[in-house]
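First up is the structure itself, then whatever we jot down about it.
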Amino acid sequence: GYAAMLYFSNPQLSAISPYWVCKKILSFFKLKNVQLFDLGVAEKTSKVVFEIPLQETGVPSAGQAHMASRNNFISGGSEYYSFTKKKLVECKVVSLDDPNWDGALENISFVKIDIEGAELFALKGMRQLLVKQNPVILLEVCSFFLKGFGIAENTLREFAEEINYSFYSYNPIN
């Protein structure tokens, strides 16, 4: 799904995700130290259309939700994305560097991003935050999903180097 999790050095956790699944998880586990922002994260604050894949039964596959501008039909796509039904939803996305966004973003020590190929957009939208606060970043990256946005995997490495981050990768398959 399109979510960025911001972990603070104190026990407070902020989660940025436009999906109802997060609200249900927080409610079910009665997590009181989590502040949920019902938004997506992107390079610029705007409204974006998201595609939520639907299983054959019509149940949403929220973990595969993504910006609808991603091309899922490039070569090799059926290995990563085989849904035939979908739901389109408009959602507000925010640049975390946007001075008009009122989220509490102080003392960030860890950022986890798993947003189905749109990781570079989120990173660019939080460039100042990353340079100023220097949190550890964990990205879950699928090169196929990056390609769906026309992004080469080495572009993420280049961006990390631009802002003085080191890039390490772990691939249990190779």
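Helix-only estimate, please: 222 nm mean residue ellipticity of the chain, summing -39500 (n - 2.57) across DSSP H runs of length 4 or more and dividing by its residues, to the nearest 500.
Value at 222 nm, helices only, nearest 500: -6000 deg cm²/dmol.
Loop-only check: which chymotrypsin sites (Phe, Trp or Tyr not before Pro) in the stretch 42-130 are DSSP coil with at most 12 other Cβ within 10 angstrom?
Filter output for the stretch 42-130: PHE73.
Ignoring ligands, DNA and RNA, what percent of the accessible area of the chain is carbon or sulfur (1.4 Å)?
So the carbon and sulfur contribution to the accessible surface is 53 percent.
Taking the inverse of the average 1/r across all pairs of different Cα atoms in the stretch 1-149, what Kirkwood radius in Å do you get?
15.9
What FRET efficiency comes out for GLU56 versus PHE110 if R0 is 30 angstrom and r is the Cβ-Cβ distance? Round to the nearest 0.05.
Numbers: r = 37 Å, r/R0 = 1.23.
Efficiency at R0 = 30 Å is approximately 0.20.
How big is the shadow of the Cα convex hull of the stretch 120-163, averaged over all directions, in nm²?
Averaging across all directions leaves 3.0 nm² for the Cα convex hull.
Got the relative contact order for the chain handy, in percent, Cα pairs under 8 Å and 6 or more residues apart?
On the way: 316 pairs, mean separation 42.0, N = 174.
It comes to 24 percent, rounded to a whole number.
In nm, to one decimal, how far is the modelled label at SER46 from the one at SER69, with both set 7 Å along Cα→Cβ?
0.5
Take every DSSP beta bridge with both residues inside the chain and express the antiparallel ones as a percent of the total, to the nearest 5.
Percent antiparallel among DSSP bridges in the chain is about 70.
Which whole-number percentage describes the relative contact order of the stretch 32-125, with Cα contacts under 8 Å and a sequence gap of 6 or more?
Dividing the mean separation by the residue count of the stretch 32-125 yields 42 percent.
Build a GNM of the chain with springs between Cα atoms under 10 Å: which of PRO99, PRO60, PRO135 gets the top mean-square fluctuation?
Between PRO99, PRO60, PRO135, it is PRO99 that shows the largest mean-square fluctuation.
Per residue, how large is the accessible surface of the chain? Use a 1.4 angstrom probe and give square angstrom.
I get 58 Å² per residue for this part.
For the stretch 61-174, what number of Lys pairs, 8 or more residues apart or on separate chains, have alpha-carbon atoms under 20 Å from each other?
Lysine pairs meeting both conditions in the stretch 61-174 amount to 6.
With no solvent and one equal point scatterer per Cα, compute the Debye intensity ratio I(q)/I(0) for the stretch 33-96 at 0.24, 0.28 Å⁻¹ and report its log10, rounded to two decimals.
After summing over all Cα pairs, the log10 values are -1.05, -1.19.
Place a +1 charge on the Cβ of each Lys and Arg in the chain and a -1 charge on the Cβ of each Asp and Glu, then give the dipole magnitude about the Cα centre in debye, rounded to the nearest 20.
Roughly 500 debye, rounded to the nearest 20.
For the stretch 119-174, which GluC sites (Glu not before Pro) are in a loop by DSSP, counting at most 14 other Cβ atoms within 10 Å?
GLU140
The values are calculated or read from the model by the stated rules, or taken from the named source; none is laboratory data. Fair warning: this is a prediction, and the values are worked out from it, not measured in the lab. In this analysis, Cβ positions are derived from the backbone assuming ideal geometry, glycine residues included, and neighbour counts consider all displayed protein chains. For the accessible areas, the whole protein counts, side chains as well, though only heavy atoms, and no ligand, DNA or RNA atoms are used. Shrake-Rupley method; radii C 1.70, N 1.55, O 1.52, S 1.80 Å.
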